[in-house]
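First the structure, in the form of structure tokens, and then the observations on it.
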Amino acid sequence: MEEPRVDWTLCNIVEMVPGRLSGAPVLKNTRLPVDAILTNYDAGLEPEQVAAIFEVAVADVRTILAFREKELARPA
């Protein structure tokens, strides 16, 4: 599940569009929820596997993971 402290509006490859998946954070220009990427990675898949499953660039998966890590490291 998505961590509430992550402000996805600051990630340049994520967008939240009203009416698209109820405004959930998605990979830009897709309907792929960020949460789907995070859930699969957290379940033990490697970034390359996650990218292959969803047919997206490995770099995008890595960017999302790195952004989450950076956000969660920020003081609350």
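Laboratory data are not the source of any read-out in this text; all were calculated from the coordinates shown. Just so we're clear, the structure is a prediction, and the values are computed from it rather than from any experiment. All Cβ positions, even for glycine, are placed from backbone atoms using ideal geometry, and neighbour counts span all protein chains on display.
For this structure, a couple of remarks:
- Ranked list, fewest to most other Cβ atoms within 10 Å of each Cβ, for E71, E46: E46, E71
- Computed on the Cα trace of the chain, the radius of gyration divided by the Kirkwood hydrodynamic radius gives Rg/Rh = 0.94.
- Neighbour-count ranking [beta-carbon atoms within 10 angstrom, fewest first] of V56, V6: V56, V6
- Contact order, relative form, for the stretch 8-73: 21 percent (alpha carbon pairs under 8 Å, 6 or more residues apart, mean separation divided by residue count).
- Rounded to the nearest 20 debye, the dipole magnitude of the stretch 8-73 is 240 debye, with +1 charges on Lys and Arg beta carbons, -1 on Asp and Glu beta carbons, and the Cα centre as origin.
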